[in-house]
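Input: a single structure, listed below in structure tokens.
None of the figures in this text is laboratory data; all of them are computed from the coordinates on show. Worth saying up front: this structure is predicted, and the values here are computed from it rather than measured. Using ideal geometry, Cβ is built from the backbone for each residue, glycine included, and neighbour counts are taken over all protein chains shown.
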Amino acid sequence: MPDPGPALVLEGALVVTCDDASRAGPLSVAVVGDRIAAVGDPDDVRARHPTAEVLRCDGKILLPGLVNAHLHPELHLLKGMLEELDLHGWNEVEHFEGALDVLSAPEGRWLQRAAIRAALADALLTGTTTVQIYGITRGADIVAAEEAAALGLHGEITLRDPTFAPAPPGTPPHRFRLHAEEALTPAELAAAAAAHARGDALVMHAAETEHRIAAAIQRFGTTTIRLLDRHGLLSPRTLLSHAVHTDDEERALVARSGAPIVSSPSAELKLSDGIAPIADYLARGCTVALGTDAAVCNNSNDMFLEMRQLGLVQKLRYGADAIPAEQILRIATRGGARALGREAGTGALVEGGPADLVLLDAHNLRLQPLVHRPDVSNLAANLVYAATGQDVTDVMVAGAWRVRDRRLLSAQLDGVVADLGRAAAFLYDQIR
Ligand SMILES: [Zn+2]
């Protein structure tokens, strides 16, 4: 077979493919350009790419890049500043409203950018390669699209426009947002339905709290999921963030429609929202993705911690066998890619798919002993319940290294940290 071009072959790692066959083991991965060119037996991959540059990855674990399907990046600046409150308690905190005003104002744009860059850099350094960015302050989404592109992350943004007018040409990849139940109006629902019918994708914080369910009933006489269904707004293009409070009939509606669910268990627990029925959604065949929500209510952008949190809290609700670790890895990779409508192959290591991958250093006690044999393996359990984003050493997005040996290549990390510190100091001077 002819050599298809200059290739890089990663050899010696323990590879978890998250592909249809759920292959895992001492495989090799070849990358050509922005694509995975081969995944398989090391001798076969070498034979197919005889002139490839070889990168030894002994002692490492190689995974597909993680997909963070729900992130409010500018709220990174408020980390630790809204503690011991539920979601609706935030509205009574004067400095929160003040901070959002500062971030939304033209003179606050540099704070917004500093926070967004920090959150996205944190996500990238901890193994995320694709992110759904949901800015809540004015202009945040366009800034976030710029910062994601500069860092080399795949992503999409959300647009807030109550008229749901078609986005102008050149708008970055996006979906429209219906923020949450208490903000919905009949006119907005009708406009969203028209946009959805012409092909636009949507996202909504749906059924997150009992308070919001009560708001839907009060305003529209029905619960959130039934309301969306009534307006033709449930489909594979409507991302349902949280979906904590749903009944049996609503879950059946979600499953039938193909609408994906994004779970953010750390935030949902910290805000005392409740425990989402994720194992139930999975049993019904729903697409489930994972997101870190916001550092203000998480307080992290680390998808490894989020995987652990999902596993633990689902065990509490559904029993110790609620969601196997292998399935949690797939939720954080392929599940996210599917929920966001990314191209086939995203979130897995498959030939022809995008070369988005992550290496973890397994030479530390957190990930040892690491046993992977045909008869026994703790690989998936170690990744979900023992690993953290601090174990990530290298991140490749679309065939380009963005993190090497724990060093961020696409921005000066010292500058990112310093700007964030300056922005926080300035903000707290303003809202004190
Ligand atoms: Zn959110």
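A compact table of results
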{"read-out": "Relative contact order (percent, whole number), region 142-235, Cα cutoff 8 Å, 6+ residue spacing", "value": "23"}
{"read-out": "5 angstrom amide H check on Ala289, placed H, neighbours 5+ away", "value": "Ile261, Val262, Ser263"}
{"read-out": "Proxy reagent accessibility, fewest Cβ within 10 Å first, across Phe164, Phe220", "value": "Phe220, Phe164"}
{"read-out": "The chain shape via C-alpha gyration tensor axes, a/c threshold 1.5", "value": "prolate"}
{"read-out": "Residue among Gly127, Gly221, Gly139 with the largest mean-square fluctuation in a Gaussian network model of the chain, springs linking Cα atoms under 10 Å", "value": "Gly221"}
{"read-out": "Other-chain or far-sequence residues with amide H under 5 Å of Tyr134's (modelled H)", "value": "Leu71, His72"}
{"read-out": "Counting DSSP beta bridges with both ends in the chain, the antiparallel % (nearest 5)", "value": "45"}
{"read-out": "Separation between Cα centres of region 247-266 and region 68-130, rounded to whole Å", "value": "27"}
{"read-out": "Gap separating the Cα centres of region 143-167 and region 274-352, nearest whole Å", "value": "23"}
{"read-out": "Candidates Asp200, Asp375, Asp273: whichever shows maximal mean-square fluctuation once the chain is modelled as a Gaussian network with Cα springs under 10 Å", "value": "Asp375"}
{"read-out": "For Glu74, Glu250, Glu181, Glu83, order by how many other beta-carbon atoms lie within 10 Å, fewest first", "value": "Glu83, Glu250, Glu181, Glu74"}
{"read-out": "CD proxy at 222 nm, helix term only [per DSSP H run n ≥ 4: -39500 (n - 2.57); per residue of the chain; nearest 500]", "value": "-10500 deg cm²/dmol"}
{"read-out": "Proximal aspartates and glutamates to Lys60, defined as alpha-carbon separation beneath 17 angstrom and excluding residues fewer than eight positions away on the same chain", "value": "Glu11, Asp41, Asp356, Asp361, Asp391, Asp394, Asp405"}
{"read-out": "Amide proton proximity set for Arg402, modelled H, under 5 Å, gap of 5+", "value": "Val395, Met396, Val397"}
{"read-out": "Relative contact order of the chain, pairs being alpha-carbon contacts under 8 Å that are 6 or more residues apart, as %", "value": "21"}
{"read-out": "Gaussian network model of the chain, springs between alpha carbon atoms under 10 Å - residue of Pro106, Pro277, Pro374 with greatest fluctuation", "value": "Pro374"}
{"read-out": "Between helix 303-318 and the chain: long-axis angle, C-alpha atoms, 0 to 90°, nearest 10", "value": "70"}
{"read-out": "Mean separation of Cα contacts under 8 Å (6+ apart) over length of region 293-344, as relative contact order %", "value": "24"}
{"read-out": "Whole-Hz ³J(HN,Hα) from phi, Karplus 6.51 cos²θ - 1.76 cosθ + 1.60, for region 260-269, glycine and proline x", "value": "x, 9, 10, 9, 10, x, 4, 5, 4, 6"}
{"read-out": "Phi-based couplings in Hz for region 161-172 (Karplus 6.51, -1.76, 1.60; Gly and Pro marked x)", "value": "8, x, 8, 6, 5, x, 5, x, x, x, 4, x"}
{"read-out": "Packing-based exposure ordering (other Cβ within 10 Å, fewest first) of Met396, Met81", "value": "Met81, Met396"}
{"read-out": "³J(HN,Hα) computed for each position of region 107-122 - Karplus, 6.51 cos²θ - 1.76 cosθ + 1.60, integer Hz, glycine/proline x", "value": "6, x, 4, 5, 5, 4, 5, 4, 5, 5, 4, 5, 5, 5, 5, 4"}
